[in-house]
Amino acid sequence: MDLGLKDKRVLITGATKGIGLATAREFAGEGARVAITYASNAERAAEIVEEFGGEERAYAVRYDLRDPESISSAVAAVEDHWGGVDVLVANALWFTWKDPSLAVKFEDLPVEEWTSRLRANVDGQLYTVQAAVGGMRRRGWGRIVLLSSVTAYYGLPGSEIYSASKAAMHGFARGLMWGRGGVLVNVVAPGATTTESMDLVDPAITAEQERLTPSGRLSSPGDVARVITFLCSEANDAVNGELIHTAGGR
């Protein structure tokens, strides 16, 4: 299937590892020009740019989900570099995984801690979309995918703030889908995925997640990336405002 992504200008936030990096590789394989953001690891970002063929095909820019000025500067830098952004994959998040058995009860969580998380993972995503979507509409074509999580729907001890921020992405997409202008926006919700972060998880927890997954296995970053790539392609001309789980049936 020709996805019509050759030379499309793609911005993927948080793309130096995991689902973001797998998605960047899918787009690069389709002939797209791929911009990735990084929070602190500039050296790793530079390696990825070289992997994709250098700055004629790839571009890296620093991006801090907690800082509106950093967000607007990053999007502007990509638009200046390539003359616009056709596709946005809002993958970056601010999240530190903790063993659910060690989770602090919500009533004991300091207000400044949960508000800062919520602002990053909700406001940061909205700032990013706002910076990119206007140009898409002016040009008459664009695709946006926001990353959520099935945790927002089945829950996890201690996940109140993370789950709330991820559930917000669907409500946002349902409103944004009415903006027209040739822009389609969707939400992809992975479950437990075999990223580098899973190496830090107790194997017993991983085994339990596999048991709870109807397919009997956890999704790989590539599984998720291929769904994102289709939704952001010319082959998708009808899926809009939808929430799609990539979690083996969860």
Point to revise | Residues (closer than 15 Å to TRP82 by Cα and either small (Gly, Ala, Ser) or open to solvent by 10 Å² or more (accessible area, probe 1.4 Å) (or both)) located in the stretch 29-48 | key: GLY31, ALA32, ARG33, ALA35
Review point. Taking the stretch 64-79 only, how many residues are buried (at least 18 other Cβ atoms within 10 Å of the Cβ) and of a type in the set (Asp, Glu)?
Key: 1
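Look at the stretch 182-193 and say how many of its residues are more than 16 Å from the chain's Cα centre (by Cα) and open to solvent by less than 30 Å² (accessible area, probe 1.4 Å).
Total satisfying the criteria: 1.
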Review point. Would you pick out the residues in the stretch 20-66 that are acidic (Asp, Glu), more than 17 Å from the chain's Cα centre (by Cα), at pLDDT 95 or above and assigned to a loop (DSSP other than H, G, I, E, B)?
Key: GLU30
Revision key, fill the gap. The correct count of residues that are open to solvent by 70 Å² or more (accessible area, probe 1.4 Å) and at pLDDT 95 or above in the stretch 207-244 is 6
Check your understanding: Would you say ALA131 is crowded, with 19+ Cβ neighbours inside 10 Å and either at pLDDT below 95 or over 17 Å from the mean Cα position of the chain (by Cα) (or both)?
Key -> no
Practice item. Could you please give the count of residues in the stretch 137-163 that are under 21 Å from GLN209 (Cβ atoms) and open to solvent by less than 50 Å² (accessible area, probe 1.4 Å)? Key: 12
Revision key, fill the gap. Across (1) under 21 Å from the mean Cα position of the chain (by Cα); (2) modelled with pLDDT under 75; (3) not basic (Lys, Arg), ALA204 clears everything bar (1)
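The values are calculated or read from the model by the stated rules, or taken from the named source; none is laboratory data. Just so you know, these numbers come straight off a predicted model, no measurement behind them. So basically every Cβ, Gly included, is an ideal-geometry build from the backbone, and we count neighbours across all protein chains shown. Quick note on the areas: whole protein, heavy atoms, side chains included, nothing else; ligands and nucleic acids left out. Shrake-Rupley method; radii C 1.70, N 1.55, O 1.52, S 1.80 Å.
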